[in-house]
Amino acid sequence: MPDIRKMIGLAVVLVALFWPVGYFADTPAWRHDEVGAAQIKISFAHGGAHKTACRRRSAAELRALPANMRKLDDCPRERVALAFVFELDGKPIHRASLPPTGLSGDGPSHFYGVFPVPAERHEILLKLRDSRREDGYDHVQRFTVDIAPGRNLAIDFRPNAGGFILY
Amino acid sequence: MLKRPIRRGFHLIETWLDRLCGAAWNPLSNLGALGFYFYWIVATSGLYLYVFFDTGVTEAYQSVESLTVDQWYLGGVMRSVHRYASDAMVLIMVLHMTREFANDRLRGPRWFSWFIGVPILWLVIISGVTGYWLVWDKLAQFVAIQTSELLDVLPIFGAPIARNFLSPGHLDDRFFTLMAFLHIAVPLILLLLLWVHLNRVTRARVNPPRGLAVTVLLVILAISLVKPAVSQGPADLAQVIEWVGLDWFYLGFYPLIDSWPGPAVWAFGGVITGLLLLMPWLPPLRQASPARIDLDNCNGCTWCVSDCPYGAISMVPRTDGKPFTQQAEVDPDRCLRCGICVASCPTTTPFRRISPLVPGIDLPQLTAADLRERMIEAAAVNPTVGNTIAGNAPRLLEFVCEQGPRANGAAPPAATQVVVPCIGMVPPSFIDMALGRLAIDGVVLSGCTTKGCVYRLGSELTEQRLARERDPYLRKRVPRDRVLLVELNAGDVKSAAEQVQRFRDRLSDREPERTDLDA
């Protein structure tokens, strides 16, 4: 037969102990962003051109190689670092040199950035250099967007789909 | 410095709770067992939820909503129980760690359980985070983005994980399959670590008393009905997160992630984790020599093995050629020097007349022979008063646990005291001798509470030995009513004094008797 008095006492204790469990399970709320704030989130993964162009091997070089490795062209794997520029309303916001990933530097370069902006019309200019050229950019795109309050404007780079894409 | 006030606070509350709901059902004395209990509640409710959960970008939220709204009477309640039992588990774990810290149960051989407890804490947090992720509501969106951005700080991932949450089109159903897998796999690893956590603890209490278990479940159910767990609207990666209702038990550090640079968060987490891991050695515990075996007196009975609270003694093949198959062996790294094994040894008898008192297992800093000498010296105080005679004050002998409130002059001596490392070190045969040959009227054993014993089993084993339920037990010729076992929370000095006084009064009222106990 359970001791009802103790059980009631225990229930009182447990309610007092676990009351914070019910309360702090979702209260107080945390404000992550200002109400009505907006942001531009840019992220892409893209491999630049190889740092060095392929070179035709000489006959002597080919002979020196084991039979199973005698490829006509010598193509170093390392890629160039991407040069990325993000301008908003005519002002430079972010400029980065994005090195390739991987131990041999042959992986794609990555970028991830979050930029809080006021909710209004904006001129966005994005530039990316992914070739071996020393200056200038291979991809330059300009967008005019009305960003609504609370909007997360995402931008990715997909060369096969036309370059920078807004979501 | 920090430990003492926390310990006093715990003892005050525990003493109060003992009175309100009984010592056996005191939640603070059952924290470890409650942690396990919550784990099983969470696992059972989670299993039910998993049956109805769909892994998909839109299906995840819909399936959880369907459980919460269409099936509120069972699925909704299960979801709430799952959440609140998980939260309660964190609360109980933090209380458990704080109590063990305050009672200094983390240094010396007990470092192992504490050390394993730290990754357990993190695995519980990871389990909770992956669980919130699965709901795929606004809170999940916040958690997913914050977590992935934090993980991307580490140079171990090829592509940023946060890219998966760039826009609704970037998110893949497979991500939810991965999270569901993690939400099941991590708690399974957790269960394995819980087993390791108790690896050095014998007879661990992993189940709370039934009354406590039932009441806890009823309270969790009540909270679930009063405040059902609900989602915070479907996630929308095209929108920023403004306000989120955080579960502060699992996501309490997310405001930090939100506000601090990623490397600073990792550094802070690393420092806190490192400190927690190193706490058993801050500073290291200085200990006397561990228990030692005397093979001439060890007959391989295994009683010490079954009584050692920390599994420090094991039986190994005999090495001295005596006609026994096994002998006891002490692992010094696990021995806490409590002396419980000394009392469990059948050769620890003070009645030896010819051979010296050397039991099969003994404690170098307070040998059984020393204990007998101290007992005889204590009994010699005020020898003019004999066995209980009406009108004379009864003569008491008190064995005092050095960890308890009666030791070190914390209370005015109500009787002549003999201090022992743990009350479980007092063999019943010593009580026999005190009440018989030494003509003591009453023996008081002042220890900790059964659940609060510093060495876990001292009071419990003593109770069983006195009740003649466990070897070596109090012989039947010894009147049980002349032995008082006082179980105290530290700081409960007044209660101890009152109990001893009542015992003294009761002995005074006894009829004169002649005893011939050691005949």
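We did not get these values from a lab; they are worked out from the coordinates using the rules stated. The shown structure was predicted, so the numbers you read here are calculated from the model rather than taken from an experiment. No Cβ is skipped: glycine too gets one built from the backbone with ideal geometry, and neighbour counts run over all protein chains shown.
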What is the antiparallel percent of DSSP beta bridges lying wholly in the protein assembly as shown, to the nearest 5? 70
Take the alpha carbon atoms of chain B, find their radius of gyration, then divide it by 2.2 N^0.38 Å using N residues; give the quotient. 1.21
Write down the percent of antiparallel bridges among all DSSP beta bridges whose residues are both part of chain B, to the nearest 5. 35
With Rh as the Kirkwood radius over Cα pairs, segment B:29-281 has Rg/Rh of 0.97
If only Cα atoms are counted, what is the Rg of segment A:66-116, and what is its Dmax, in Å? 17.5, 59
Mind giving me the nanometre distance, one decimal, between the label points for B:ARG174 and B:LEU285, set 7 Å out from Cα along Cα→Cβ? 5.0
Over 5 Å intervals from 0, what percent of Cα-Cα pairs in segment B:78-132 sits in each interval? 4, 18, 24, 21, 14, 10, 6, 2, 0
Mind jotting down a quarter of the surface of the convex hull over the alpha carbons of segment B:292-508, in square nanometres, one decimal? 12.0
Under the definition of Cα pairs under 8 Å and six or more residues apart, what whole-number percent is the relative contact order of segment B:29-281? 32
Scale the Cα Rg of segment B:1-71 by the rule-of-thumb value 2.2 N^0.38 Å and send over the ratio, two decimals. 1.83
Please state the relative contact order of chain A as a whole percent: Cα pairs under 8 Å, 6+ residues apart? 26
Could you tell me which of rounded, prolate or oblate describes segment A:37-123, using a ≥ b ≥ c as the square roots of the eigenvalues of the alpha-carbon gyration tensor, with rounded for a/c under 1.5 and, failing that, prolate when a/b is larger than b/c and oblate otherwise? prolate
Taking Cα atoms, how many degrees apart are the long axis of helix B:31-52 and the longest axis of chain B, rounded to 10 and kept between 0 and 90? 30
Any idea what diffusion coefficient segment B:191-297 gets from Stokes-Einstein, in µm²/s, Kirkwood Rh on alpha carbon pairs, 20 °C, 1.002 mPa s? 105
What's the exposure ranking of B:LEU295, B:LEU396, going from fewest to most Cβ atoms within 10 Å? B:LEU295, B:LEU396
Tell me which residues come under 5 Å, amide H to amide H, from A:LEU82 once H is placed; ignore anything under 5 positions away on its chain. A:LEU98
Could you give me D for segment A:2-79, from Stokes-Einstein at 37 °C and 0.692 mPa s, where the hydrodynamic radius is the Kirkwood radius over C-alpha pairs? Units µm² s⁻¹, please. 157
Using distinct alpha-carbon pairs, which all enter the 1/r mean, Kirkwood radius of segment A:1-46 in Å: 15.4
Rule-of-thumb Rg ratio for segment B:81-195 [Cα; 2.2 N^0.38 Å; N residues]: 1.27
Cα long-axis angle, helix A:4-24 against chain A (0 to 90 degrees, to the nearest 10): 40
Which ordering of B:ARG200, B:ARG174 is given by a fewest-first count of other beta-carbon atoms within 10 Å? B:ARG174, B:ARG200
Sequence gap at least 6, Cα distance under 8 Å: using those rules, report the relative contact order of chain B to the nearest whole percent. 13
Can you sort B:ILE272, A:ILE40, B:ILE423 from fewest to most other Cβ atoms within 10 Å of each residue's own Cβ? B:ILE272, A:ILE40, B:ILE423
hull vol. (C-alpha, convex hull) per residue for segment B:5-140, Å³ -> 133
Over segment B:201-255, equivalent-ellipsoid semi-axes from the Cα gyration tensor in Å: 36, 18, 9
Give the Kirkwood hydrodynamic radius (Å, one decimal) of the protein assembly as shown, defined as one over the mean of 1/r across all pairs of different Cα atoms. 30.5
Provide a whole-number value for the mean count of partner chain Cβ atoms within 10 Å of the Cβ atoms in peptide B:234-241. 6
Mind listing the phi-derived Karplus ³J(HN,Hα) values for segment B:118-135, rounded to whole Hz, using 6.51, -1.76 and 1.60 with θ = phi - 60°, and x for any glycine or proline? 5, x, 4, 4, 5, 5, 5, 4, 4, 4, x, 4, 5, x, 5, 4, 5, 5
Using Cα atoms only, what is the angle between the long axis of helix B:493-508 and the major principal axis of chain B, expressed in degrees (0 to 90) to the nearest 10? 30
Quote the Stokes-Einstein diffusion coefficient, in whole µm² s⁻¹, for chain A, based on the Kirkwood radius over alpha carbon pairs, a temperature of 4 °C and a viscosity of 1.567 mPa s. 62
What is the distance, in nm, between label points placed 7 Å from the Cα along the Cα-to-Cβ direction at B:ARG506 and at B:TRP16? 2.9
Using the alpha-carbon centroid of each, what span in Å lies between segment B:105-178 and segment A:90-167? 28
Within chain B, the cysteines whose Cβ lies no closer than 4.7 Å to any other cysteine Cβ are B:CYS21, B:CYS298, B:CYS301, B:CYS308, B:CYS335, B:CYS345, B:CYS401
Gaussian network model of chain A, Cα springs within a sub-10 Å range: biggest mean-square fluctuation belongs to which of A:PHE18, A:PHE84, A:PHE111? A:PHE18
222 nm [θ] for chain B, helices only, -39500 (n - 2.57) per DSSP H run of 4+, per residue, to 500? -15000 deg cm²/dmol
